[in-house]
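Working notes, structure below.
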Amino acid sequence: MSSEDLAKPSKSGAKGRRGREGPREFSAGGVVVRDRQVVVIVPTRRAADGSRVLALPKGHVDPGESPIEAAAREVREETGVVGEPVCELGESRYWYRRDGRTIGKRVAFFLFRYLEGDTADHDDEVEEVHWLLLEEAQTALSHQAERDMIGLALQYLDGKE
């Protein structure tokens, strides 16, 4: 399924600051849902202050890969689960600092319906994988842009149920 085939309920997310120069990154991620729960990760990489992060699975889009393909791959690698694409949720944009540099980041998020897999089968970039109620994830995730994606997923699901 291509990203053009997916329904687009809306766009949301944190907006980056205009006029900033520097490196830019593009990633894709997934909101994988089963029974009103979403799969979340605790990556090995810590926040700038050293604290643990609770996040959605996401990662760089490889050359020749579409955003939806990258999102599905990252979900599988980081969580051990496989999902069926449902729709594009939106895009988040933000800035972060790494090694003294400011980097602009754009992440396309897609909603997936859980198909199969075991959360114990995640890669070594992730410490833990959990299923959380969507409503809990909407407040528990570390980054506002990802909490916004959970909100969009809830709007989509509530409109379909």
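The values are calculated or read from the model by the stated rules, or taken from the named source; none is laboratory data. Quick caveat: nothing in here was measured; it's all calculated off a predicted structure. Neighbour counts are summed over all protein chains in view; Cβ atoms, including those assigned to glycine, are modelled from backbone coordinates with ideal geometry.
Within the stretch 41-52, the set of residues being surrounded by 14 or more Cβ atoms within 10 Å (Cβ to Cβ) and either of a type in the set (Ser, Thr, Tyr) or touching a helix residue (DSSP H, G or I) at 6+ places or on another chain (Cβ under 6 Å) (or both) comprises Ile41 only. Under the condition of being over 18 Å from Tyr114 (Cα atoms) and acidic (Asp, Glu), which residue from the stretch 53-93 is surrounded by the most Cβ atoms within 10 Å (Cβ to Cβ)? That would be Glu91.
For the stretch 58-69, the condition of being within 10 Å of the chain's Cα centre (by Cα) and in contact (Cβ under 8 Å) with a residue 12 or more places away in the chain holds for at least one residue.
Name the residue, out of Gly90, Gly83, Gly64, Gly117, that is on the phi > 0 side of the Ramachandran plot, of a type in the set (Gly, Ala, Ser) and touching a Phe, Trp or Tyr at 6+ places or on another chain (Cβ under 7 Å).
Gly90
Against the criterion of being surrounded by 17 or more Cβ atoms within 10 Å (Cβ to Cβ), among the polar types (S, T, N, Q) and modelled with pLDDT of 95 or more, Gln138 qualifies. Being at pLDDT 95 or above and farther than 14 Å from Arg76 by Cβ is the filter; apply it to the stretch 36-49 and report the residue that is farthest from the chain's Cα centre (by Cα). Ranking the qualifying residues of the stretch 36-49, first place goes to Arg36.
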